[in-house]
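Every read-out reported here was derived from the displayed coordinates using simple, explicitly stated rules and does not represent laboratory data. For clarity, every value in this text was computed on a predicted model and none was experimentally measured. Counting neighbours? That spans all protein chains shown, and the Cβs are built from the backbone with ideal geometry, glycine included.
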Amino acid sequence: MTTMPLETELAVFARMKDTLLATYEGKFVLVHGEDFLGAFDSAENAYAEGVKRFGQEPFLLKKVTAHEEVYRNQALSLGLIHARI
């Protein structure tokens with residue numbers, strides 16, 4: 001069975017979310033495979049550490065928040081730009 005990229009990392013984040021919220025709310029966490037690699041004050045610092053450790057290999061960088069933030073591209077929604085799938 002083929003897994004989607006970052007499926008494992010997202011599952012690890014979901015399992016750990018309550019603990020992460022209690023300890024690292026508002027910070028950015030780095031997860032690779034089954035491994036939680038730490039929390040960082042900025043996305044840039046977490047990203048730099050991920051690139052340093054894994055290069056171009058996929059890793060998860062996610063902000064720890066109680067509610068997921070949804071990004072909406074207004075230009076795409078209004079038809080001002082078009083997504084090519």
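Structure notes:
- Residues in the stretch 36-46 that are closer than 14 Å to residue 65 by Cα and of a type in the set (A, V, I, L, M, F, W, C) were compared, and the one that is surrounded by the most Cβ atoms within 10 Å (Cβ to Cβ) is 40.
- Selection within the stretch 15-51 - in a helix (DSSP H, G or I) and either among the acidic types (Asp, Glu) or over 25 Å from residue 3 (Cβ atoms) (or both): 18, 21, 22, 23, 24, 44, 45, 48, 49
- Count - residues of the stretch 1-35 that are of a type in the set (A, V, I, L, M), without any contact (Cβ under 8 Å) to a residue 12 or more places away in the chain and surrounded by 11 or more Cβ atoms within 10 Å (Cβ to Cβ): 1
- Of all residues in the stretch 52-68, those satisfying the criterion of being within 18 Å of residue 5 (Cα to Cα) and of a type in the set (A, V, I, L, M) are 60, 61.
- Among residues of the stretch 46-65 that are free of Cβ contacts under 8 Å to residues at least 60 places away in the same chain and closer than 22 Å to residue 22 by Cα, those with a Cβ under 7 angstrom from a residue that is surrounded by fewer than 19 Cβ atoms within 10 Å (Cβ to Cβ) and aromatic (Phe, Trp, Tyr), sequence gap 6+ or separate chain, pair up as 60/13; 61/47; 62/13; 64/24.
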